[in-house]
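Here the structure comes first, spelled out in structure tokens, and everything after it is commentary.
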Amino acid sequence: MEAPKGTRIRPLDPTPDLPPPLEASEPRSSRLRPLILIAGVTILAVGLLSVVNISPPGPTTTTLFDAANRATTTTVANGPTLADQLPGFDGSIVVVSAKPDAGTVLVWDAAASTPAIPFRTTAPRQAMLDVSGTYLLTLEVGKEEPILFVGTPSQLNRSYVGVTSAVWSARRPGRAAWIMRLPEEKAPALVIGEMEDGVLVMTERVPFALQEGDRVVGWNGWFFIERAPTRAAIITVRDDPDDPASARTISLAKLLLVSADGTIQFTQPASLLGYGAEQSVLSSSSLVLLDLIERGRNLEEVGFGFLSAEELGAMPTGIFYAGNWDLRDAATLGELSNSPTGIAISTDGRTVVEGRYDRERDVTELYTLSRFTPFRSVRGYFVPMGVDDHGEWVIGFQQPGQIAILGIQSDAAFAFDVEGLPILAEVLPAQTP
């Protein structure tokens, strides 16, 4: 279906009241990542730390941050490059960080000894690179409504106001889907668009009846729409009945798979954690709903009356790996824990890294789906955020205040200071000539 009134809708005047861009840096091709929403985080610092006490992967533990032996030397222009710090690394990284009223885009090339901060934003709460790594989108906090900014890491432009969620296509570079209120319409609309001369232009409206609060969380030809239950359902469960520390809170949600013509293909009690072009990682609430049935609860109370106990029993439970974006097609490549520190998935969906935190040892162990033992242990609480398609590097953040890049097939590791939590951290492959 064409855009309303048969026109291609161009965005707002792309000249927001932002701090001027700093040194530009050419983006490299990259992978796709789902949006990450983090509130109240602080801005990234340029000051860098050397890595201390690096040890080989496997049973030994890598210490990225040691308060008793903290390096304080700031990286200088003629110092070691990122490639020097990470032997074998030839790509670049992109990090977006935020605090309540400001944000920073950081780009660091393997051949550079210091990162570039090519752009400062207003107050980003979500950030995402497209499948080629060329384009970046962020959702910013506006005075009245959220604002979608789109562009390159060196120049983001204010695009549309009133956008509540947005994603890039998992397959086609420069194609995006988002939910917004169109002029003179009361209900929100799901629309798609593409980049033209550096501007995101709306080209189509998907004929799907959205409900208030719906979010688009994935797009691969079909759309993943996350919908809250008819009644909010927040349930506390324990992975270990005897361990109060294992308690976690589950907010039940419906995940709709919607085709391009607006037809709902199926609905599942799950949330999308990450996805690539071919596979996705989801968190299923089927076991929780089965437990409610066993306790005599009516699923209509929590908005899942359309599911029977037989249907729930046939669904995967916990966190699982799904093929072809179909929750009914759970892959058997490996198992994921029910309470990971974080999950990173490559563009093609074939490389998945998860972190598992051991509270007693204060260690995060990192796994891939193809291995039943951790490929590396990291001292402290580490959250993986991005992984390259070749399965060689993973990037994430660690408390307190560090971004870290770790080798998956080597013992290479490098960390640098941050003043809070990032909302996006990606490893980009080397640019081909």
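The numbers here are math on the coordinates, done by the rules we state, and not lab data. Model, not experiment: these values are computed from the prediction. Backbone-built Cβ (ideal geometry, glycine too); neighbour counts: all protein chains shown.
Other residues with beta-carbon under 9 Å from the beta-carbon of Ile93 carry, at +1 per Lys or Arg and -1 per Asp or Glu, a net charge of -2. For the stretch 96-192, rounded, prolate or oblate, judged on the Cα gyration tensor with a ≥ b ≥ c (square roots of eigenvalues), a/c < 1.5 rounded, else prolate if a/b > b/c? Taking the square roots of the gyration eigenvalues as a ≥ b ≥ c, the stretch 96-192 is oblate. A simple rule links phi to the HN-Hα coupling: the Karplus curve 6.51 cos²θ - 1.76 cosθ + 1.60 with θ = phi - 60°, which for the stretch 81-96 gives 7, 4, 5, 5, 6, 10, x, x, 7, 10, x, 7, 10, 10, 10, 10 Hz, with x for Gly and Pro. Please compute the net charge surrounding Arg215, taking Lys and Arg as +1 and Asp and Glu as -1 over other residues with Cβ under 12 Å from its Cβ. Residues close to Arg215 contribute a combined charge of -1.
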